[in-house]
Amino acid sequence: MAEAVVAGKHVEQKNNLIEKSEWSFAPFKGLKDALERRKDTFNKKHTIQKNTSGKKTDEEIFLDAMAGVREIKEFREIPLQKPRIIKSHPIRTDDSLEILRQIVNGKRKIRLSDTGEYMEWISPDIRKDITQRLHQGEFSIQDYIDLHGMTLIEAKEALSMFLKESIKKRMFCVKVIHGRGLRSPRGPVLKEALKNWLQGTFKKWVLAYSTAKDCDGGLGATYIILKQK
């Protein structure tokens, strides 16, 4: 009987030990308290505090700037403007290019008065249309001189004698052949010299001059109208 009592107590102690060991592991014990403490901390961190530094924050500056701004109802929907359509015009053939083609193909003559080599001069004492008429060959050529192959000194002396003799014979229109200097490395030396002489040394004998017609030498010759005594 005593052994049975001892055995019963032993079993009861063992059950109590097992019960205590099973409930002694409580991983979530105190979780509720921890969550409450964390909630309080979170609320304290996100509480809006008044600005006591004296300097305005970016948000305060923005709110001050926008204080008097009002919404413009008309701008709620801005209509999209359609791009302007530019009408294209057909390309016209350039007249100058067509004229150039005709000249190259020999179908059209070059107007010498439109070239950089053309030259003319007229005395203020006579009509202004004389040079145009002179260039068009309206005055008959009474004599001419060819300065090809001469030096500048020789050409000036020969021209001086020729003009004096022509005036002495009471000639009205003469021609001087000087060339264009296309083969000369220095260019049209005689032609430039003639222009300077007719507006300088020999100007006292000249009323007008102009580049000759194609059939009379063109850009390589010059018509001269002489003064009469």
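Bear in mind that the values in this text are calculations on the coordinates, not laboratory data. Treat the numbers as computed from the prediction; the structure is a model and nothing was measured. Note: ideal-geometry Cβ built from the backbone for every residue, glycine included; neighbour counts use all protein chains shown.
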ILE85 paired with LYS229, simple spin-label distance in nm, labels 7 Å along Cα-to-beta-carbon: 8.3 nm
Amide H contacts of LEU207 (H built 1.01 Å from N, under 5 Å, at least 5 apart or other chain): ILE225, LEU226, LYS227
Linear extension gain, MET161 paired with ASN196, 0.36 nm per residue minus alpha-carbon span: 10.9 nm
At q = 0.20, 0.23 Å⁻¹, base-10 log of I(q)/I(0) for segment 117-226 (Debye sum, equal scatterers on each alpha carbon): -1.06, -1.42
Full-stretch length increase - TRP205, GLU154 - with 0.36 nm per residue and alpha-carbon distance subtracted: 16.4 nm
Gain on full stretching of the segment that runs from GLN136 to LYS213 - 0.36 nm per residue minus C-alpha separation: 27.1 nm
Dimensions (Å) - segment 125-175, Cα atoms, principal axes, largest first: 34, 22, 21
